[in-house]
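Read through the structure below, which is laid out as structure tokens, and then see the notes.
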Amino acid sequence: MSYLIAIVIAWFLALLNASALPYVQVLGVTPDLVLIFAVCWAMVRGQDEALFVVPLAGFLRDLNTSDPLGTSVLAMAPVVLLAAAIRLRALDTEFVPTIAVVAGGSLAYGVISMMVLAATGQDIQWLDALLTVTLPGMLVNALFTPILYLPVHWLGHRRREGLQGAGRLTSPL
């Protein structure tokens, strides 16, 4: 059931990214709600679900952009690794590490996306793209993280409560 919820949310956010969010610009960039959702899901729900949800979110994002199909899937791949690395450390909160992974994932997404576009023959102004799109995108995505983190965290909390009540989870996360 959680995968179905993730698919519906990612699809909705991909449509929102393509339709309405281009009109919402902060620091000259549009927040990438699909990337933020993928990071939040990976941080709250764990690596097992992230291995399915992150590539799916990237694929759904690609269906709504003019980028080559698979660009977002490839560019979002570091999100799974960053989330897994951060989750290895025992921290009292998931929120601050989630913001860090959103920022790091945004940087990786921007660089990998530019590499793919350069490999397909498009002219990329690397310094200009880094300074005007990728770096502001890191900040904007980090600022928009609470909007998606809170509902995903709530869904994860509800799931953990259900597993505890059913006796399938012995210790709280």
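The values are calculated or read from the model by the stated rules, or taken from the named source; none is laboratory data. Everything numeric in this text was worked out from a predicted model, so none of it was measured. Reconstructed Cβ throughout: ideal geometry from the backbone, glycine too, with neighbour counts over all protein chains shown.
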Review point. Applying the selection to the range 15-29, what residues are part of a helix (DSSP H, G or I), surrounded by 14 or more Cβ atoms within 10 Å (Cβ to Cβ) and at pLDDT 90 or above?
Key: LEU15, LEU16, ASN17, ALA18
Check your understanding: Give me the pairs: first residue in the range 96-123 and within 22 Å of ALA83 (Cα to Cα), second residue in a helix (DSSP H, G or I) and among the polar types (S, T, N, Q), beta-carbon distance under 6 Å, and six or more apart or on different chains, which are they?
Key -> ILE99/THR145; VAL102/ASN141; VAL102/THR145; SER106/ASN141; GLY110/THR134; SER113/THR71
Review point. Among all residue pairs at least 6 apart or on different chains, which show Cβ distances below 8 Å where the first residue, located in the range 6-22, is closer than 12 Å to ILE36 by Cα and touching a residue at least 12 places away in the same chain (Cβ under 8 Å) and the second is surrounded by 17 or more Cβ atoms within 10 Å (Cβ to Cβ) and of a type in the set (Asp, Glu)?
Key: ASN17/ASP32
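One line per residue, one yes/no per condition, for (1) in a helix (DSSP H, G or I); (2) over 13 Å from the mean Cα position of the chain (by Cα); (3) farther than 19 Å from LEU13 by Cβ; (4) among the hydroxyl-bearing types (Ser, Thr, Tyr):
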position: ASP67; (1), (2), (3), (4): no, yes, no, no
position: GLY110; (1), (2), (3), (4): yes, no, no, no
position: PRO146; (1), (2), (3), (4): yes, no, no, no
position: GLY156; (1), (2), (3), (4): yes, yes, no, no
Review point. How many residues are under 17 Å from GLY104 (Cβ atoms) and surrounded by fewer than 19 Cβ atoms within 10 Å (Cβ to Cβ) if we restrict to the range 30-73?
Key: 1
Check your understanding: If you check every pair at least six apart or on different chains, which have Cβ atoms under 9 Å apart with a residue in the range 50-64 that is over 14 Å from LEU74 (Cβ atoms) and assigned to a helix (DSSP H, G or I) first and a residue that is among the hydroxyl-bearing types (Ser, Thr, Tyr) and at pLDDT below 95 second?
Key -> PHE52/TYR3; VAL53/SER2; VAL53/TYR3; LEU60/SER72
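If you check MET76, MET43, which single one turns out to be touching an Asp or Glu at 6+ places or on another chain (Cβ under 7 Å) and on the phi < 0 side of the Ramachandran plot?
Exactly one of MET76, MET43 is touching an Asp or Glu at 6+ places or on another chain (Cβ under 7 Å) and on the phi < 0 side of the Ramachandran plot, namely MET43.
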